[in-house]
1. Within the range 253-268, is there a residue that is over 30 Å from Arg133 (Cα atoms) and either assigned to a loop (DSSP other than H, G, I, E, B) or within 28 Å of the chain's Cα centre (by Cα) (or both)?
2. Within the range 50-72, which residues are surrounded by 22 or more Cβ atoms within 10 Å (Cβ to Cβ) and not in a loop (DSSP other than H, G, I, E, B)?
3. Can you report the number of residues in the range 1-39 which are of a type outside the set (S, T, N, Q) and assigned to a strand (DSSP E or B)?
4. Could you grab me the full set of residues in the range 422-447 that are hydrophobic (A, V, I, L, M, F, W, C) and part of a helix (DSSP H, G or I)?
5. Determine whether Gly210 is crowded, with 20+ Cβ neighbours inside 10 Å, in the same structural domain as Ala299 (by TED's automatic domain parsing) and among the small types (Gly, Ala, Ser).
6. Would you pick out the residues in the range 367-408 that are over 19 Å from the mean Cα position of the chain (by Cα) and of a type in the set (Val, Ile, Thr)?
7. Looking at Glu255, is it closer than 30 Å to Ala120 by Cβ and at pLDDT 95 or above?
8. Read through the list (1) touching a helix residue (DSSP H, G or I) at 6+ places or on another chain (Cβ under 9 Å); (2) in a helix (DSSP H, G or I); (3) buried (at least 19 other Cβ atoms within 10 Å of the Cβ), then give the number of the only condition that Ala75 fails.
Amino acid sequence: MGSVIELKRLNGRTKTIESETRELLDSALRGYTATRGEDGFEEARTIWNGMIDRSPGLVVRALGTSDICAAVNFARDNGILMSVRAGGHQIAGLAVEDGAMMLDLSLMRSVHVDPVAQTARVEAGALLADVDRETQLHGLALPVGVNSTTGIAGLTLGGGFGWITRKYGMTIDNLVSADVVTADGSVVRASEAEHPDLFWAIRGGGGNFGVVSSFEFRLHPVGPEVLSGLIVHPIAEAPALLKEFRAICDAAPDELTVWSVIRKAPPLPFLPEEWHGEKVLIFAACYSGDMKEGEAAMAGLRELGSPIVDVIGPHPFVGWQAAFDPLLTPGERNYWKSRDFIELTDRTIDAILKSIDALPDPQCEVFIAHVGGAMARVASDATAFPQRAAHFTMNVHTRWSEAPNDKACIGWARDLFDKTAADSAPSVYVNFMPDDEEGRLGDAYGGNLERLRKIKANYDPENLFRLNHNIMPEKAAQAAQ
């Protein structure tokens, strides 16, 4: 720890951090700092998306709120550029920046459930697997995403939706409070009663307003088993079946969620070997309610076409939440493009299916999620997340292993994105945005963007928290226009 460190400053220059200065920071931490070659550095800087290979100048590995305060104060007082890493994916890779200071929360994974109050207090580094396992121990669940290695912090701050959103709302709709370290180093409780503007902003506005150390969530009775599973069809049936899919989604009860995945079939153990690697349409379905009622609700879906396999049945909710994990392992190269559709038109379906003819890698896929129900019964200005209408979200999930394939895979995603523009809604889910879509911030927040800029100016006037899909403070945003 005897050498000096060069850290990137907010103004673009660098600042030399002497060993004595770093030692003072370390003495204020329960956790520890690390630089290249030291324990914990590689683990902290290595994130899920294998395309992101950046090297921060210093990592602060936090163990609690006091560590977050120490890091924020250090960054602010020294004018240091700071990124924040929680626990999961973040497709854009904005959690790590060359030469910056990284505040790493991934060691903070505590989940405490109050089964009587049906609430949970969750630290910011927790993954969805942590949340699901602790809540399901009591037959409770929080609406979250569909991959257990996703981080709870990024998911929540961007909105959060998954298998039980139609029944119980988005992740942010179940947020009761959050402990937030603001840019001045203060620790505040954000809720409907305390700092309500901040509470409004962090429900969809990302990490722009402070560093959340823990979340308090409302839980719901779910499981321990849900009626769920996959139905796999030949791609030749997809043009007709996707039109049936949209009709089923439009008429579905809140308890039923059906998503479509279009890709080359992975070597699933229940799928006949001759179908491995062949193009298929997969319906993924979950019913969060009574099993018999679920059987009736899924009957129309299960009667469609001539499926290769139908593995709908009772499954542990924890297991279903992790069902797609093998397709989302860390270290692969990932690039996403996403669009929302209020209606899934024939023209959009045709464009998607034509793109599948030119899949650039067997790991690439297009998924179409249908959301609505309870989520759609929240006003568009009730939280920072604005797109509350029942709609379909398309994620062009481009995934591959080798850097020489970057151009082909990224080009394929962008091409489909362009070809589905005509019938898309003017909105986008911020958690699905790559790092080259700065111009879509208005799409992500719509009419809520101006209020977010005002709140940013109040809580972070110098834009300390800028390594994200950045919402600039009001005056800075006006000057940039």
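The values are calculated or read from the model by the stated rules, or taken from the named source; none is laboratory data. What you see is a predicted model; the values in this text were computed from it and never measured. Methodologically, a virtual Cβ is constructed for each residue, glycine included, from the backbone with ideal geometry; neighbour enumeration extends over all protein chains shown.
1. Yes, there is a match, as at least one residue in the range 253-268 is over 30 Å from Arg133 (Cα atoms) and either assigned to a loop (DSSP other than H, G, I, E, B) or within 28 Å of the chain's Cα centre (by Cα) (or both).
2. Answer for the range 50-72, where residues must be surrounded by 22 or more Cβ atoms within 10 Å (Cβ to Cβ) and not in a loop (DSSP other than H, G, I, E, B): Leu58, Val59, Val60, Arg61, Asp67, Ile68, Ala70, Ala71, Val72.
3. The number of residues fulfilling the criteria is 9.
4. Those that are hydrophobic (A, V, I, L, M, F, W, C) and part of a helix (DSSP H, G or I): Val430, Phe432, Leu441, Ala444.
5. Answer is no for this residue.
6. Selection gives Val378 alone.
7. Yes: the conditions hold for Glu255.
8. In the conditions (1) touching a helix residue (DSSP H, G or I) at 6+ places or on another chain (Cβ under 9 Å); (2) in a helix (DSSP H, G or I); (3) buried (at least 19 other Cβ atoms within 10 Å of the Cβ), Ala75 misses (1) alone.
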